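Below is one structure, written out as structure tokens; the observations come after it.
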Amino acid sequence: MVGTKSKWEDELGRWLKPFLDRLGHKARRRMCPLYISGLIGPGDRKSVQPMAARLAPGKYDQLHHFIADGVWDAAPLEAELLIQADRLVGGKDAVLVIDDTAMPKKGDRSVGVAPQYASSLGKTANCQTLVSLTLARSEVPVMVALRLFVPESWTSNLVRLKRAGVPVEHRAARTKPEIALAEIDCVIASGVRFGCVLADSGYGSSGPFRQALSERGLLWAVGLSRRQNVYPADIALIFPIARTGKPRKYHIPDQPPVSAEALLAEGNWQRVSWRRGTKGRLTCRFTARRVRVADGHKHRMLNSRMQCMPGDEVWLVGERRSTGEQKILCVEPAGRCHHQDARCHDQGQVGL
């Protein structure tokens, strides 16, 4: 490959140009294309030394400095990434997908590494976890943000943070939903166009996360734990009179909550087919109910048990796959539902 340029390298150079213009330094503009070519081009070994031997003999030190020792501001590149992502896939029919990305690790010195759930392995393992944001449209995804989650075992240990060189501004504990919301704000501020936010139950089960999306005026559909308690949308709050003791100060629901899975089990399940996949038409059974999620403030009930009060009203959507797997989604507050079928409002169920 040395001394020649293939067609894909020419195309890569044209694609990288707006990013290279943001780097500013001549040496960085030379090394960046070499490093990316080494990552995506031929060759099994992707560490710096073999890539330099293949692509830039005699320039190992420069390439190593670019990757390991160079200090430069990533903000201009991140800003350009958002511009290019919006140009490629942005629009009203685009979606912003929030997810986790795990990188398994064997040691304990890499920042944020700890025993935690690794999505790539499907189990708890020693790994780093990153919060990712992906802009997608028409099955074309473009990742626009990737931020490291630092678990409590790190944020509570100042010595460990200093030894690893974690900047002061990144030492405070932040949950994954908090990280995601900060990145969503950056995406919005940049002017990237999208119509809906999607996330799995790791984020959707957080009431503050859902409420924050609504406060930003965003449409959203997020996963929800099947064990999450919910109330029917027509739940009534009553003010029972205590027969003995002090009079009650707060209203309570007139019926107990049930799990999301139990409530949907009573629904009218209908088969829906929406597009063709690699193995034929994608088909599942769906049902939906209007509910109020039981994630409001807690009250002590008449039986002395603590119970969460009804929170926001949402659409609860159940999906049953042919494999027997069941998924539950929580969709934007029902008051803003744009479903066009009048059957949506028939007895609180969606006519899917």
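Picking from Gln270, Gly195, Ile238, whose Cα lies most toward the positive end of the charge dipole for the chain (charges on Cβ: Lys, Arg +1; Asp, Glu -1)?
Going by the Cα projections, it comes out as Gln270.
Would you mind telling me the antiparallel percentage of the DSSP bridges in segment 78-217, rounded to 5?
For segment 78-217, the DSSP antiparallel bridge percentage is about 85.
Just how large is the dipole of segment 7-69 about the Cα centre, in debye to the nearest 20, putting +1 at every Lys and Arg Cβ and -1 at every Asp and Glu Cβ? Intermediate results must be reported in sequence, preceding the final value.
Working: 12 positive and 7 negative charges, 30 e Å.
My answer is approximately 140 debye.
Which residue, Arg30, Arg109, Arg281, tops the fluctuation ranking in a GNM of the chain built on C-alpha contacts under 10 Å?
Looking only at Arg30, Arg109, Arg281, the biggest GNM fluctuation is shown by Arg281.
So for segment 1-126, if I pair up every lysine 8 or more residues apart or on another chain, how many of those pairs have alpha-carbons under 27 Å apart?
19
Treating only the Cβ of Lys, Arg, Asp and Glu as charged (+1, +1, -1, -1), what charge dipole size does segment 78-217 show about its Cα centre? Round to the nearest 20 debye.
Working: 17 positive and 15 negative charges, 104 e Å.
It works out to roughly 500 debye.
Quick one, could you list the DSSP H helices from the chain stretching 18 Å or more along their long axis (Cα atoms) with average Kyte-Doolittle hydropathy of -1.0 or above? Could you put the intermediate results ahead of the total?
Working: long enough: 7-23 (24 Å, -0.98); 26-40 (22 Å, 0.09); 75-89 (21 Å, 0.61); 176-189 (20 Å, 0.96).
Span-like helices, by this rule, are 7-23, 26-40, 75-89, 176-189.
Name the residue farthest towards the positive end of the dipole of segment 7-69 from the options Pro33, Pro18, Val48, assuming +1 on Cβ of Lys and Arg, -1 on Cβ of Asp and Glu, about the Cα centre.
The residue sitting farthest along the positive end of the dipole is Pro18.
Using unit Cβ charges (K, R positive; D, E negative) and no other charged atoms, how large, in debye to the nearest 20, is the dipole of the chain about its Cα centre?
The dipole of the chain has a size of about 620 debye.
Which whole-number percent is the relative contact order of segment 1-73 (Cα, under 8 Å, 6+ apart)? Walk me through the numbers before you get to the answer.
Values: 41 pairs, mean separation 21.4, N = 73.
Relative contact order here is 29 percent.
Bear in mind these aren't lab numbers, they're just calculated from the coordinates by the rules spelled out. These numbers were taken from a predicted model, which means no experiment stands behind them. In this analysis, Cβ positions are derived from the backbone assuming ideal geometry, glycine residues included, and neighbour counts consider all displayed protein chains.
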